[in-house]
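Student: What follows is a single structure, and I will ask about it in a moment.
The values are calculated or read from the model by the stated rules, or taken from the named source; none is laboratory data. Everything numeric here is computed off the predicted structure, so don't read it as measured data. Positions of Cβ are generated from backbone atoms using ideal geometry, with glycine treated the same way; all protein chains shown enter the neighbour counts. Each accessible area value is taken on the protein alone, full model and side chains, heavy atoms only, with ligands, DNA and RNA left out. Shrake-Rupley method; radii C 1.70, N 1.55, O 1.52, S 1.80 Å.
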Amino acid sequence: MNNKNALSSRNQAITERNRLLIGFVAAGGLSLLLGFSVFCLVGKERVVIVPPIVNRDFWVGTDTVSDSYLEQMSEFFAGILLNVNPNSFKTRSEHLLQHVAPNAYPALKTQLVERQLELERRAMSTAFYPASFKVDRHKLLVELKGELKILVGNAAVQSQTKIYHIQFSQHQGRLYIQQFREVPHV
(Lines give C-alpha, C1' and ligand atoms only; values in the text may rest on other atoms or scores of the structure.)
Protein backbone atom coordinates (compact mmCIF):
# COMPACT_ATOMS: atom_id res chain seq x y z
CA MET A 1 0.00 0.00 0.00
CA ASN A 2 2.87 2.30 0.86
CA ASN A 3 4.42 1.66 -2.54
CA LYS A 4 1.16 2.55 -4.29
CA ASN A 5 0.87 5.81 -2.28
CA ALA A 6 4.50 6.68 -2.92
CA LEU A 7 4.11 5.88 -6.62
CA SER A 8 0.89 7.88 -6.78
CA SER A 9 2.51 10.85 -5.00
CA ARG A 10 5.52 10.64 -7.33
CA ASN A 11 3.29 10.57 -10.44
CA GLN A 12 1.28 13.51 -9.11
CA ALA A 13 4.49 15.48 -8.43
CA ILE A 14 5.76 14.73 -11.95
CA THR A 15 2.43 15.83 -13.45
CA GLU A 16 2.51 19.10 -11.47
CA ARG A 17 6.13 19.67 -12.48
CA ASN A 18 5.25 19.12 -16.15
CA ARG A 19 2.32 21.56 -15.91
CA LEU A 20 4.57 24.20 -14.32
CA LEU A 21 7.22 23.60 -16.99
CA ILE A 22 4.62 24.02 -19.74
CA GLY A 23 3.40 27.23 -18.03
CA PHE A 24 6.96 28.62 -17.80
CA VAL A 25 7.67 27.78 -21.44
CA ALA A 26 4.39 29.43 -22.54
CA ALA A 27 5.13 32.55 -20.43
CA GLY A 28 8.67 32.72 -21.84
CA GLY A 29 7.35 32.39 -25.39
CA LEU A 30 4.80 35.13 -24.81
CA SER A 31 7.50 37.34 -23.30
CA LEU A 32 9.69 36.86 -26.38
CA LEU A 33 6.74 37.63 -28.65
CA LEU A 34 5.92 40.78 -26.67
CA GLY A 35 9.58 41.87 -26.75
CA PHE A 36 9.72 41.37 -30.51
CA SER A 37 6.48 43.33 -30.96
CA VAL A 38 7.80 46.25 -28.90
CA PHE A 39 11.08 46.19 -30.86
CA CYS A 40 9.16 46.37 -34.15
CA LEU A 41 7.04 49.29 -32.93
CA VAL A 42 9.89 51.45 -31.62
CA GLY A 43 9.85 54.79 -33.43
CA LYS A 44 6.37 54.25 -34.83
CA GLU A 45 4.39 55.42 -31.82
CA ARG A 46 2.29 58.57 -31.71
CA VAL A 47 2.02 60.71 -28.66
CA VAL A 48 -1.49 62.02 -28.07
CA ILE A 49 -1.44 65.52 -26.61
CA VAL A 50 -4.69 67.31 -26.04
CA PRO A 51 -4.65 71.08 -26.51
CA PRO A 52 -6.86 73.16 -24.18
CA ILE A 53 -9.56 73.40 -26.82
CA VAL A 54 -10.09 70.57 -29.29
CA ASN A 55 -12.04 71.49 -32.42
CA ARG A 56 -11.02 68.64 -34.71
CA ASP A 57 -9.15 65.35 -34.82
CA PHE A 58 -5.36 65.50 -34.88
CA TRP A 59 -2.34 63.29 -34.36
CA VAL A 60 1.21 63.71 -33.14
CA GLY A 61 4.10 61.45 -34.12
CA THR A 62 7.68 61.46 -32.90
CA ASP A 63 8.89 63.39 -35.95
CA THR A 64 5.76 64.94 -37.47
CA VAL A 65 2.32 66.24 -36.55
CA SER A 66 -0.99 66.72 -38.33
CA ASP A 67 -1.98 69.99 -39.99
CA SER A 68 -4.99 70.32 -37.70
CA TYR A 69 -2.77 70.02 -34.61
CA LEU A 70 -0.49 72.82 -35.85
CA GLU A 71 -3.53 74.95 -36.65
CA GLN A 72 -5.19 74.43 -33.26
CA MET A 73 -1.98 75.04 -31.32
CA SER A 74 -1.26 78.18 -33.38
CA GLU A 75 -4.72 79.51 -32.60
CA PHE A 76 -4.21 78.74 -28.90
CA PHE A 77 -0.77 80.41 -28.72
CA ALA A 78 -1.92 83.43 -30.74
CA GLY A 79 -4.84 83.80 -28.32
CA ILE A 80 -2.46 83.76 -25.36
CA LEU A 81 -0.19 86.38 -26.89
CA LEU A 82 -2.62 88.63 -28.74
CA ASN A 83 -5.75 88.70 -26.52
CA VAL A 84 -4.22 90.72 -23.70
CA ASN A 85 -4.38 93.82 -21.55
CA PRO A 86 -1.69 95.38 -19.33
CA ASN A 87 -2.91 93.41 -16.29
CA SER A 88 -3.05 89.97 -17.93
CA PHE A 89 0.00 90.15 -20.17
CA LYS A 90 2.63 89.05 -17.65
CA THR A 91 0.75 85.90 -16.61
CA ARG A 92 -0.15 85.01 -20.19
CA SER A 93 3.42 85.52 -21.43
CA GLU A 94 4.77 83.30 -18.62
CA HIS A 95 2.32 80.61 -19.73
CA LEU A 96 3.45 81.00 -23.33
CA LEU A 97 7.14 80.81 -22.39
CA GLN A 98 6.55 77.30 -21.00
CA HIS A 99 6.03 76.20 -24.62
CA VAL A 100 9.08 77.93 -26.14
CA ALA A 101 12.09 75.99 -27.41
CA PRO A 102 15.10 76.47 -25.12
CA ASN A 103 17.27 77.96 -27.89
CA ALA A 104 14.55 80.51 -28.77
CA TYR A 105 13.71 81.44 -25.18
CA PRO A 106 15.97 84.53 -24.78
CA ALA A 107 14.82 86.17 -28.02
CA LEU A 108 11.12 85.55 -27.37
CA LYS A 109 11.42 86.64 -23.74
CA THR A 110 12.95 89.96 -24.90
CA GLN A 111 10.16 90.36 -27.46
CA LEU A 112 7.53 89.78 -24.77
CA VAL A 113 9.11 92.26 -22.33
CA GLU A 114 9.12 94.94 -25.05
CA ARG A 115 5.47 94.20 -25.85
CA GLN A 116 4.51 94.39 -22.16
CA LEU A 117 6.21 97.79 -21.82
CA GLU A 118 4.35 99.05 -24.88
CA LEU A 119 0.99 97.81 -23.57
CA GLU A 120 1.59 99.46 -20.18
CA ARG A 121 2.93 102.71 -21.69
CA ARG A 122 -0.04 103.10 -24.02
CA ALA A 123 -2.58 101.54 -21.59
CA MET A 124 -3.96 99.45 -24.43
CA SER A 125 -5.53 96.06 -24.87
CA THR A 126 -5.55 93.88 -27.96
CA ALA A 127 -7.97 91.30 -29.29
CA PHE A 128 -7.17 88.99 -32.20
CA TYR A 129 -9.76 87.24 -34.36
CA PRO A 130 -8.18 84.57 -36.59
CA ALA A 131 -9.59 84.28 -40.09
CA SER A 132 -7.34 81.83 -41.96
CA PHE A 133 -4.42 79.47 -41.54
CA LYS A 134 -1.76 78.28 -43.97
CA VAL A 135 0.02 75.25 -42.57
CA ASP A 136 3.32 73.83 -43.78
CA ARG A 137 3.58 70.61 -41.78
CA HIS A 138 7.04 69.72 -43.11
CA LYS A 139 8.55 73.04 -42.00
CA LEU A 140 6.34 73.18 -38.86
CA LEU A 141 5.32 76.69 -39.93
CA VAL A 142 1.87 78.25 -39.66
CA GLU A 143 0.80 81.51 -41.25
CA LEU A 144 -2.08 82.97 -39.29
CA LYS A 145 -4.15 85.81 -40.76
CA GLY A 146 -6.77 87.69 -38.83
CA GLU A 147 -8.14 90.93 -37.44
CA LEU A 148 -6.24 92.64 -34.61
CA LYS A 149 -8.23 95.20 -32.66
CA ILE A 150 -6.40 97.68 -30.44
CA LEU A 151 -8.42 99.20 -27.61
CA VAL A 152 -7.63 102.01 -25.21
CA GLY A 153 -10.04 101.83 -22.32
CA ASN A 154 -13.26 100.53 -23.87
CA ALA A 155 -12.85 102.38 -27.15
CA ALA A 156 -11.56 100.62 -30.25
CA VAL A 157 -8.73 102.75 -31.58
CA GLN A 158 -7.54 100.65 -34.46
CA SER A 159 -8.55 97.51 -36.32
CA GLN A 160 -6.38 96.01 -39.02
CA THR A 161 -5.66 92.76 -40.77
CA LYS A 162 -2.43 91.19 -39.54
CA ILE A 163 -0.43 88.16 -40.61
CA TYR A 164 1.71 86.23 -38.13
CA HIS A 165 4.14 83.38 -38.65
CA ILE A 166 4.50 80.84 -35.90
CA GLN A 167 7.50 78.59 -36.36
CA PHE A 168 7.54 75.42 -34.31
CA SER A 169 10.09 72.75 -33.52
CA GLN A 170 9.41 69.27 -32.25
CA HIS A 171 11.36 67.20 -29.77
CA GLN A 172 10.26 63.74 -28.62
CA GLY A 173 6.66 64.31 -29.67
CA ARG A 174 6.35 67.71 -27.99
CA LEU A 175 5.75 70.90 -29.96
CA TYR A 176 7.78 74.02 -29.07
CA ILE A 177 7.47 77.59 -30.31
CA GLN A 178 10.61 78.57 -32.16
CA GLN A 179 9.46 81.98 -33.38
CA PHE A 180 6.33 84.14 -33.27
CA ARG A 181 6.48 87.18 -35.52
CA GLU A 182 4.33 89.57 -37.46
CA VAL A 183 4.75 89.49 -41.23
CA PRO A 184 4.43 92.81 -43.07
CA HIS A 185 1.75 92.96 -45.77
CA VAL A 186 3.04 92.59 -49.29
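Student: Counting residues that are touching a Gly at 6+ places or on another chain (Cβ under 9 Å), modelled with pLDDT of 85 or more and open to solvent by less than 50 Å² (accessible area, probe 1.4 Å), which helices (runs of 4 or more DSSP H) fully inside the range 1-97 reach at least 3?
Tutor: none
Student: K145 fails exactly one of the following numbered conditions: (1) modelled with pLDDT of 95 or more; (2) more than 16 Å from E182 (Cβ to Cβ). What is the number of that condition?
Tutor: (2)
Student: Name the pairs: first residue in the range 83-101 and more than 19 Å from I150 (Cβ to Cβ), second residue hydroxyl-bearing (S, T, Y), Cβ to Cβ under 9 Å, at least 6 apart or on different chains?
Tutor: Listed pairs, sorted by first residue: L97/Y105; H99/Y176; V100/Y176; A101/S169; A101/Y176.
Student: If I filter the range 100-111 for residues that are open to solvent by less than 90 Å² (accessible area, probe 1.4 Å), of a type in the set (A, V, I, L, M, F, W, C), farther than 21 Å from V65 by Cα and assigned to a strand (DSSP E or B), do I get at least one hit?
Tutor: No, there is no match, as no residue in the range 100-111 is open to solvent by less than 90 Å² (accessible area, probe 1.4 Å), of a type in the set (A, V, I, L, M, F, W, C), farther than 21 Å from V65 by Cα and assigned to a strand (DSSP E or B).
Student: So for the range 149-156 (the condition being assigned to a loop (DSSP other than H, G, I, E, B) and either in contact with a Pro (Cβ under 8 Å, 6 or more places away or on another chain) or in contact (Cβ under 8 Å) with a residue 12 or more places away in the chain (or both)), does at least one residue qualify?
Tutor: For the range 149-156, residues assigned to a loop (DSSP other than H, G, I, E, B) and either in contact with a Pro (Cβ under 8 Å, 6 or more places away or on another chain) or in contact (Cβ under 8 Å) with a residue 12 or more places away in the chain (or both): present.
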